[in-house]
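See below for the structure under consideration.
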Amino acid sequence: MARTPALKRKTAAAARSRLGRFVPLNEDMRKLYRTLDAHIRVCYIQRMTGLTLLKLGGSLITDKDKPFTPRLDKLNALADEIASSWTSDRPLILGHGSGSFGHAAAKRYGTRDGLTPLVPAGRSPLLRSKRGETEGGAYWKGFAEVWFQASQLNRFVMEALRGAGLPAVALAPVSAVTARGPRVARWDLTPLRAALEAGLVPVVYGDVIFDEARGGTILSTEDLFAHLARELRPGRILLAGLEAGVWEDFPARTRLVSRISLQSYEAMRAEIGASSSVDVTGGMSAKVGLMFELIREIPGLTARIFSAEEAGNLSRALAGEAVGTELGA
C-alpha cells in the first residue's frame, strides 16, 4: 500500500519521538560504559601485581666477545628452567638482550645515538632526501643491520622456548614502539595484554626503534621494561646475567651485596661498576639506577640482579628465593 503524505509525516514524527527517548538513554549508557571501563582497567592493573618481568642478558645467552655467536646449550637450559617454573596463572613477560648480535653493529654505526635532526622540529627527519638518496643513508644501513641481527638472536631464543614447551610469542618492538630520547614515547600494548590474557608468554627484546626527534635509536630491554612496569605495575623485575649481582668492591668482586634499599643506594651508587664487555645500552650502574627509578614510582616493586650461569639459579629466582642482589624500597 502506498504511503500518503499524511502517513509519512506521522511516521517521521513517531521516529523523532522515539529518538528523543533513546538519546538520553544512550548517553546514560555511554557514561556507564566509561565507568565500567575505568573499573576494569583498575582491576586489570591490580591483577598485574602478580606479573614478573624477566630479562635474559645478552652476555648470558651469547658470547659477547665473538660477534653473532649464540650460546645454544645455555639457551636451551634456561628455557627448561623457565618452563619448569612457569604456569599460566603466574603471568610472565620475557625479555632478552642482543649480546654479540646487536651491540657490535650498533657500536660501529652509532645506531643508539640517532641522527642530528635534518628538518625543523615537528617534521620527520625520515622524509628529507638529497639527489634521490635519504640523508644519513649509512646510518639507516646500520639501523637495518642491527634490526636483522637482533631479530636473528630472537629467533634462537624463540626456538629454545618452543623446544621447552613454552607458549611464547615474540612481539618485535620496532613494529610497535616509537621513542623520544631514551624513553618509549608510544607503545600500543593491546597485543601484549591480549597475550597475557590468553595465557601466553610475550617476548620482547632490545631493538632498533624509530625516534621522533633523532630518526632512530636503540632501546634496551630495560628501557622497554621501564615502560611496561609503569603501565602494568608488575610485582617484580628479574635481571639474569653473568654477574652474581652487585658487588661492593667492583672490579675485585669479593663482596656481594645481598640487598640494596633506596637509602643505601644513594650512599653506594658511585661504587657500582660497569659491564666487563661492550654494551652500548649501559652497564650495571645504568641498570641499577633505572630499577631504583621504577622502585620510587611503583609501590611494592622489587628487582633482582643475579647470575643465571649457575644451573638452577633462574628457577630459584622465579620461585622467589634469595639469589644475587635484591633491590627494593
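Taking amide H as placed 1.01 Å from N in the peptide plane, residue 219 has its amide H under 5 Å from the amide H of 207, 209, each at least 5 places away in sequence or on another chain. My understanding is that a pair violates if its Cα-Cα distance is over 22 Å; which of 74/141; 107/141; 64/107; 107/287 do that in this structure? Check vs 22 Å cut-off fails for 74/141.
Using the Cβ-Cβ distance between residue 113 and residue 185 with R0 = 25 Å, the FRET efficiency computed as 1/(1 + (r/R0)^6) comes to roughly 0.90. Along segment 140-146 the Karplus relation, 6.51 cos²θ - 1.76 cosθ + 1.60 evaluated at θ = phi - 60°, assigns HN-Hα couplings of 5, 4, x, 4, 5, 5, 5 Hz to successive residues, with x for each Gly and Pro. For residue 198 and residue 329, the difference between the fully extended length at 0.36 nm per residue and the C-alpha to C-alpha distance is 43.9 nm. Ordered by the count of other Cβ atoms within 10 Å of each Cβ, fewest first, 169, 204, 288, 146 give 169, 288, 204, 146.
A Förster radius of 22 Å combined with the Cβ-Cβ distance from residue 178 to residue 242 puts the calculated FRET efficiency at roughly 0.10. All other residues whose Cβ lies under 9 angstrom from that of residue 238 are scored, Lys and Arg at +1 and Asp and Glu at -1, for a net of +3.
Near residue 309: Cβ cut-off under 11 Å, other residues only, Lys/Arg at +1 and Asp/Glu at -1. The net charge is 0.
A short reminder: the numbers here are calculations on the coordinates, not readings from a lab. Remember, it's a predicted structure, so these values are computed and weren't measured experimentally. Note that each Cβ is placed from the backbone with ideal geometry, even for glycine, and that neighbours are counted across all protein chains shown.
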